[in-house]
1. Report the residue count in the stretch 230-262 for those that are under 11 Å from the mean Cα position of the chain (by Cα), part of a strand (DSSP E or B) and more than 30 Å from Q187 (Cα to Cα).
2. Residues that are in a strand (DSSP E or B) and over 24 Å from P202 (Cβ atoms): does the stretch 294-315 have at least one?
3. Being small (G, A, S) and buried (at least 22 other Cβ atoms within 10 Å of the Cβ) is the filter; apply it to the stretch 271-296 and report the residue that is farthest from A327 (Cα to Cα).
4. Within the group L265, L332, which residue is farther than 20 Å from A239 by Cα, outside any strand (DSSP E or B) and free of Cβ contacts under 8 Å to residues at least 40 places away in the same chain?
5. If I go through the stretch 200-229 residue by residue, how many of them are surrounded by 19 or more Cβ atoms within 10 Å (Cβ to Cβ) and in a loop (DSSP other than H, G, I, E, B)?
6. Taking interchain pairs and intrachain pairs at least six residues apart, which have beta carbon atoms under 7 angstrom, with the first residue in the stretch 382-407 and in contact (Cβ under 8 Å) with a residue 60 or more places away in the chain and the second part of a helix (DSSP H, G or I) and surrounded by fewer than 16 Cβ atoms within 10 Å (Cβ to Cβ)?
7. Right, S176: small (G, A, S), touching a helix residue (DSSP H, G or I) at 6+ places or on another chain (Cβ under 8 Å) and at pLDDT 95 or above or not?
8. Of L193, L166, which residue is surrounded by fewer than 17 Cβ atoms within 10 Å (Cβ to Cβ), among the aliphatic types (A, V, I, L, M) and in contact with a strand residue (DSSP E or B) (Cβ under 7 Å, 6 or more places away or on another chain)?
Amino acid sequence: MHRRKLAVIGAIGAAAVLTLGACSTNADTGSSNTPAPTSAADTGMSSADTGMSSADTGMSSADSGMSSADSGMSSADSGMSSADSGMSSADSGMSSADSGMSSADTAAPSGSESGAAGGPMTKVDIPKKDKYVIGYSQSNNAEPYRAQLNTQLTYYVKQHPNMELLPIADAAQDSSKQVSQVQQFIQQKVDVLIVSPNEADPLTPPVEQACQAGIKVIILDRTVNTDCIAAFIGGDNVAIGKAAGELAVKLLPDGGNVGELQGILSNQPQIDRDKGFRDAIASNPKIKIVQHQEAKWLKEDGTKVTQQWLQGGDKIDLIYAHNDPMALGANLAAAGQGKDKDIKFIGIDGLAIPDGGIRAVQQGQLSGTFIYPTGAKEAVDTIVKMIGGEEFSSKQVLPTTPVTPENAEELYKQYDFSNK
């Protein structure tokens, strides 16, 4: 019996090591969302694989006295993130430049059909009916990116006669208003609820209420603090921020001063885009962020903040904005003081609209931007699979594409939605 106990403990230890090896967090890959847990199936090691069932060992978990909690070997308890193991991309000696891939390239996962987008494949049960009602709570219609998302979502839903999209609820950057709107959709008993949260913490309780009511919830772009949702769809904001930082390093080879226009400070995309950018520019110690301030994702705020910086006498060589409207607002402020030719501007969103980022790169207002997909098509595709009882990825990390003066014209044609 003593040998059998030792064998079981050895098997548990082996499984724990495999679990740790398999359990790379999204923080390591540049995404802030909670990773899917690793099951025995993921580790490739079932009790059959070990050759030892509880019957063979003569010991149940109760007999052994060792649950995963007792063994102290959960991924959290082990205290081993990739950072602790000392194996970040920098530590391994292989930067994205060494591998021949930029952060923008690595932000593009392959084949969400197979779950390679970051989450396990799953399916949900939705009662069969002639018409499925969809509610969408948008964080702020005033942002061009979100207005485009609304347009695309409306278009894709209309391609399916068995779907009905209720009027899109605009929270106008007011979390309390958005909470009420989500609760109203719950009262309307929608079949599917899509939410682009203004902020994670206030929106978590109403999202959980929707889950408890049996409503299937899809979260777009910004996360909430619950795993009850059916799917998360969004970009890898750390990777996008890193790609923007790599562009800044290329634009400022001899170093320089950077001003950073941030989105709403409590928004996860803002946090991630800031982190990725700072990680990237650390490769050139001569690049310094001399100013950084919240501009709330808005062009008007980007203009106002940049005017204050320039009027204060700050020497700024490059402005990195967390979205294109803020970057264009900064360009406008600099132009008003005759300094737009002296400063380089980087944005994110890359919308193919007349006043969007792709056109701004074409016209020389921005040095570069990065296409941040809306996720509208992916959301509707996911609903189609829900209705059909098919599997879908519970976490879909969408790819980004860098926009340069060389490819801007081609990308505008590719992403132009005006003819649909």
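1. Final tally of qualifying residues: 1.
2. Taking every residue of the stretch 294-315 in turn, none turns out to be in a strand (DSSP E or B) and over 24 Å from P202 (Cβ atoms).
3. Taking the candidates together, the pick is A280.
4. Going through L265, L332 in turn, the sole match is L332.
5. Count: 6.
6. The qualifying pairs do not exist here.
7. In short, yes.
8. Numbers: L193 fails: surrounded by fewer than 17 Cβ atoms within 10 Å (Cβ to Cβ).
Sole residue among the options that is surrounded by fewer than 17 Cβ atoms within 10 Å (Cβ to Cβ), among the aliphatic types (A, V, I, L, M) and in contact with a strand residue (DSSP E or B) (Cβ under 7 Å, 6 or more places away or on another chain): L166.
The values are calculated or read from the model by the stated rules, or taken from the named source; none is laboratory data. Please read all numbers here as calculations on a predicted model, not as lab measurements. A quick note on method: Cβ atoms are made from the backbone with ideal geometry, for glycine too, and the neighbour counts reach across all protein chains shown.
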